[in-house]
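Since the structure comes first, as structure tokens, the remarks are kept for the end.
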Amino acid sequence: MASFRLKIERALQARHVEFVHDPSQTADAILLIAGSRHVLPLWRAKRRGVRLVQRLDGLNWVQRARWNGIRYEMRALYGNTIMNLYRRRLASRVVYQSQFVRGWWDAWYGVAPVPTAVILNGVDLVEYSPRPVNNPRRNARRLLVVEGSLAGAQRDGLLHAVRLAEALNLRDPTEVVVAGTVDRSTRQLVVSTSRVPVQFLGVIAREQIPELMRSADLLFSAEINPPCPNSVIEALGCGLPVVGFDTGSLNELVTGDAGRLAPYRGDPWKLETPELAPLVEAAEEVLMDPARFRREARKRAEAGLGVEEMVDAYLKVLLEQ
């Protein structure tokens, strides 16, 4: 959410489009990212005839598959309820991050009563580009995992990444590098059981991500049922092929030879353990022809995942008559 806001604000400044953060101020349109506690000011703006465009991510769903405590359960339910309240009662338009997200919302809460659009996330294709890397030559292939959080209920994806690296390591030395929040118990579990080197970088500065991605051989998309993961789009921009399980929106992003997706062969909505063999096969195919997959990853990013194209689409929904 913070990444999206930063990108769109930078793009609006470059286009000399004024923006404010207070819904009580005069504006031609309001872009609501997911939901807000400030219902009354937004309701008043809607009454004044201001167009309210709601951008929707995925829903909170892990609580349906796994108990993570009453606090997690209540926060998930509250978040879904607030977002749907805006979607049903206040939004003038709804923008979904992917076709997968639109289908998800429609299945859980019914079709929105207002016009909708799908706008994939985008990145700066100059900042995220396949430039040469100044890293020394490594003795192991690098499997990269970049997620905002891999803590608690989200740790399954990290464990899948380690299992994949262990399988790849049987043929060639392989290491895992993880950027993002990982809770202490998950880190201890990985360190004590992994048969390959795993490096935890923690939360890194946004400016460091492109260089990190250029240093890797593969990005493993760890999130299960991802709505529209920025890390995948950033990797494609850097010419880094993506592998993962075919869940969520990944098949809308990782197309052609930009990477490979493997069937989950289980129920991801129940967090069942997936079958590893198809994922290993997919990763090995990419690693056998890295130049082609890197080239095609970049082409995929250039073909519709740039930030300028994303902002154009949002401005059209926000300001068109």
Checklist outcome for this item: Lys pairs in the chain with Cα under 26 Å (8 or more apart in sequence, or on separate chains) total 5
Item to check | Residue exposure sequence - Leu240, Leu144, Leu150, Leu125 - by fewest surrounding Cβ within 10 Å | outcome: Leu125, Leu144, Leu150, Leu240
Next on the checklist: Which of rounded, prolate or oblate describes segment 141-302 when judged by the alpha-carbon gyration tensor and an a/c cut-off of 1.5?
Outcome noted: rounded
Next on the checklist: Run the Debye formula on the Cα coordinates of the chain, all scatterers equal and no solvent, and tell me log10 I(q)/I(0) at q = 0.13 1/Å.
Outcome noted: -0.99
Item to check | Euclidean distance between Cα centres, segment 290-321 to segment 23-74, Å | outcome: 25
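Only the coordinates and a few stated rules stand behind these numbers; no lab work does. Remember, it's a predicted structure, so these values are computed and weren't measured experimentally. Every residue, glycine as well, gets a Cβ built from its backbone with ideal geometry; the counts of neighbours run over all protein chains shown.
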